[in-house]
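The values are calculated or read from the model by the stated rules, or taken from the named source; none is laboratory data. In this text, all values refer to a predicted model and were calculated from it rather than measured experimentally. All Cβ positions, glycine included, derive from the backbone under ideal geometry; neighbour counts span all protein chains shown. Keep in mind that these areas ignore ligands, DNA and RNA; they rest on the heavy atoms of the full protein, side chains included. Shrake-Rupley method; radii C 1.70, N 1.55, O 1.52, S 1.80 Å.
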Amino acid sequence: MPLTFHWFLPTNGDSRHVVGGGHGAPATSFGQDRPPTVAYLTQIARAAEDLGFAGALTPTGAWCEDAWLTTAMVSQHTEHLKFLVAFRPGFVSPTLAAQMASTFQRQTGGRLLLNVVTGGESHEQRAYGDFLDKDARYRRTGEFLEVVRGLWEGGTVGLRGEHLRIEDARLARLPDPVPEVYFGGSSPLAGEVAARHADVYLTWGEPPAAVAEKIAWIRALAGREGRRLRFGIRLHVITRDTSGQAWAEADRLLAGFDAETVRTVQAGLARSESEGQRRMLDLHGGSRDDLEIHPNLWAGIGLVRGGAGTALVGGHDEVAARIAEYHHLGIDEFVLSGYPHLEEAYWFGEGVLPRLRAQGLWTHPFRPGAAASPPAAQAAFAGAARPR
């Protein structure tokens, strides 16, 4: 199966520095460098579309703009790019969510993907009026997706569940196509929900051995349900013409992490209820030392940002090799980002994607026969090299 790549829309702001936020991490002032206006996010989306990214993830939470509204606006300025809209089931009824998805598909020509986020932080959930504990939230997510799936199939749906009660629900117009559901989570209940309801299971960027264990776990659970899932991974990326240039950029980002900010962010993340976030923290332990936890896999982002905290760092050939390594394990979709998102999209799209095309691992989703893009942006955004 050819690889699929998605980019990221930074609806919490963008910068040449790492913008924090999420999972208890405070937002940083760097997000004000490039505010998340529709005009700027459209620049990123159109660049991603041109370069060959199939979709763009838009996050959810109090620390960023609303994903549904933002992508609905940006979609009107793009032609092919899909939008991987993150949302939390506890904040909207399943019938309304199914209807919203159906409307989105009709108004965009079928360009919606759904990233279902159960919510790992009780204090943030309570701010939205949701007082269930984490395990109960996962059980509610399962009920939610059961209703949504039934509605998308065209049925009249009723449910008397532990958390949801629905009577005689039916959609007047069905989505075409039915949006694919992306879902992540590292707890036992998360695995059960993914196995029953997800189309794509997403993991954050852990070392390959840990990712292989997760894939085997979810495959086994899905097999018991008579289902097969695809697998994706969420990573940042710093790729340059040479390894030295890439690691110099990683060093520049790391130099911008002052000690007090790291302490504050790590203290907030330590309170997270998310098992995935705990696994991210274990990769660096709050220390600036030994951040290359696998060849070309750097855990520095997680010092100041919640959620996905690792980056692929290296020359274009090295980054392509790491992607092939994850693909060999069973990863077919890559959800990537980098600071700043506009420039990094070009670095990856003009540096790595042509190499993957040459290996037969990727084709442009909108222009399958297109020639490789010239490396113009690589020269425009080149950084200083240093030996490594």
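Conditions tested, residue by residue: (1) under 18 Å from the mean Cα position of the chain (by Cα); (2) part of a loop (DSSP other than H, G, I, E, B); (3) at positive phi.
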{"site": "Pro36", "(1), (2), (3)": "yes, yes, no"}
{"site": "Leu41", "(1), (2), (3)": "yes, no, no"}
{"site": "Ala47", "(1), (2), (3)": "yes, no, no"}
{"site": "Asp50", "(1), (2), (3)": "no, no, no"}
{"site": "Ala56", "(1), (2), (3)": "yes, no, no"}
{"site": "Glu65", "(1), (2), (3)": "yes, yes, no"}
{"site": "Thr78", "(1), (2), (3)": "no, yes, no"}
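In this structure, does Leu159 turn out to be in contact (Cβ under 8 Å) with a residue 24 or more places away in the chain and not polar (S, T, N, Q)? Write out each step before concluding.
On the way: in contact (Cβ under 8 Å) with a residue 24 or more places away in the chain: no; not polar (S, T, N, Q): yes.
So Leu159 does not fit the description; no.
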Quiz item: Just one of the numbered conditions (1) part of a helix (DSSP H, G or I); (2) over 25 Å from Gly150 (Cβ atoms); (3) modelled with pLDDT under 95 is not true of Val74; which one?
Solution: (3)
Quiz prompt | Pairs with Cβ under 6 Å, 6+ apart, first in the stretch 349-360 and within 11 Å of Ile323 (Cα to Cα), second open to solvent by 60 Å² or more (accessible area, probe 1.4 Å) and at pLDDT 95 or above | solution = none
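With respect to Ala210, is the statement that it is crowded, with 22+ Cβ neighbours inside 10 Å, outside any loop (DSSP other than H, G, I, E, B), among the small types (Gly, Ala, Ser) and at pLDDT 95 or above true? Can you show your working first?
Numbers: crowded, with 22+ Cβ neighbours inside 10 Å: no; outside any loop (DSSP other than H, G, I, E, B): yes; among the small types (Gly, Ala, Ser): yes; at pLDDT 95 or above: yes.
No, not satisfied.
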Quiz item: Which condition does Thr310 not pass, out of (1) over 22 Å from Phe30 (Cβ atoms); (2) at pLDDT 95 or above; (3) buried (at least 17 other Cβ atoms within 10 Å of the Cβ); (4) not hydrophobic (A, V, I, L, M, F, W, C), if it passes all the others?
Solution: (1)
Quiz item: Is it true that Asp14 is of a type in the set (D, E, K, R), closer than 20 Å to Gly306 by Cα and under 19 Å from the mean Cα position of the chain (by Cα)?
Solution: yes
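Does any residue of the stretch 265-277 turn out to be of a type in the set (S, T, N, Q), assigned to a helix (DSSP H, G or I) and open to solvent by 10 Å² or more (accessible area, probe 1.4 Å)?
yes
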Quiz item: Is at least one residue of the stretch 225-239 in a helix (DSSP H, G or I) and β-branched (Val, Ile, Thr)?
Solution: no
Exercise. Would you mention how many residues in the stretch 119-146 are outside any helix (DSSP H, G or I), touching a Ser or Thr at 6+ places or on another chain (Cβ under 7 Å) and open to solvent by less than 30 Å² (accessible area, probe 1.4 Å)?
Key: 2
Practice problem: Would you check if Asp66 is open to solvent by 30 Å² or more (accessible area, probe 1.4 Å) and among the charged types (D, E, K, R)? | Solution: yes
Quiz item: Gly61 fails exactly one of the following numbered conditions: (1) in contact with a Leu (Cβ under 8 Å, 6 or more places away or on another chain); (2) at pLDDT below 95. What is the number of that condition?
Solution: (1)
Quiz item: Limited to the stretch 86-115, what total is found for residues that are in a helix (DSSP H, G or I) and either under 21 Å from Lys134 (Cβ atoms) or of a type in the set (A, V, I, L, M, F, W, C) (or both)?
Solution: 10
Quiz item: Inside the stretch 218-255, can you point out the residues that are among the charged types (D, E, K, R) and either farther than 30 Å from Gly286 by Cα or in contact with a helix residue (DSSP H, G or I) (Cβ under 6 Å, 6 or more places away or on another chain) (or both)?
Solution: Arg219, Arg224, Glu225, Arg227, Arg228, Arg230, Arg240, Asp241
